[in-house]
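So the structure is just underneath, and the comments pick up after that.
Throughout, read-outs are computed from the coordinates displayed, never taken from laboratory work. Predicted model, so just to flag it, every value in this text is computed and none were measured. Note: ideal-geometry Cβ built from the backbone for every residue, glycine included; neighbour counts use all protein chains shown.
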Amino acid sequence: MINNLNTEYLQIIDSLYNYQNYKNQLSELNSKSRNALANFKTGINNFIRNSDLVKNIDFINTVNAYIEIIFIHRMSLFWLHGEKSLNDNITESYISFLHDEIQKIYRETLSLELYMNLFISENGIDKIDKYIVYDDFNSMTDFLKWFKSESNTQQIYFHITSKNVKKINLYELEPFIDELFNTLEKINNLNNMETEIDELANFYKKNNDIDIKNIFSLKSNEPKQIE
């Protein structure tokens, strides 16, 4: 399946470049990206059910490609239909699916043992402060209350030392957590994009002399193969 997804992704990027350079085949770009959304969702579900995600770079690459396709589909839909595309529940459902799945994996990876190991590591507090943004805490204060409670429950002193912490492989887990964190940031940007499209479209809708289909320009980085 990974080869099929890679081919599909590269075809969409080619169509995007074609539209950027020649301003044609926009409907084809929109159609290809729409079809890819369902295929990539299936692929990501297969990864989650069947793979060791921590060491699986294909999973991260597929998720990143999926985010790009969601963005391309949403923008191509807007370029085609303008303000008529504002009630696009389909794109929102794919964004919501990806957010829920990635956040679930993220929170499951951020175990108590991992936080304990971070607590005694270099720059660990700064990392914890970053990671809890998408964990189930409203603030560092909330986290520390939970952390102290859970540590005491397991008869570990709140003033943790390396002698009373079960060691885990931070070298292996931290890059994966960082990737998940970055993915959640990108998903948050997708949600912000929806808000910005609504605001801009509503503004330009009041100015009939402006073609709202052309108020955005899309700059894309060189595509990466899904290895």
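Numbers for the structure displayed
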read-out	value
Listed residues I105, T62, N30: farthest to the positive end of the dipole of the stretch 1-141 (Cβ charges)	N30
Sorted by Cβ density within 10 Å, fewest first, the residues V54, V63, V133	V133, V54, V63
Low-density loop positions, GluC sites (Glu not before Pro), the stretch 56-135 - DSSP coil, at most 16 other Cβ in 10 Å	E122
Listed residue pairs exceeding 22 Å between alpha carbons, taken from K32/K104; K41/K84; K104/K127; K41/K127	K32/K104; K41/K84; K41/K127
Cα-based reach from K55 at 17 Å (exclusive), listing aspartates and glutamates while leaving out same-chain residues under 8 positions away	E108, E172, E174, D178, E179, E227
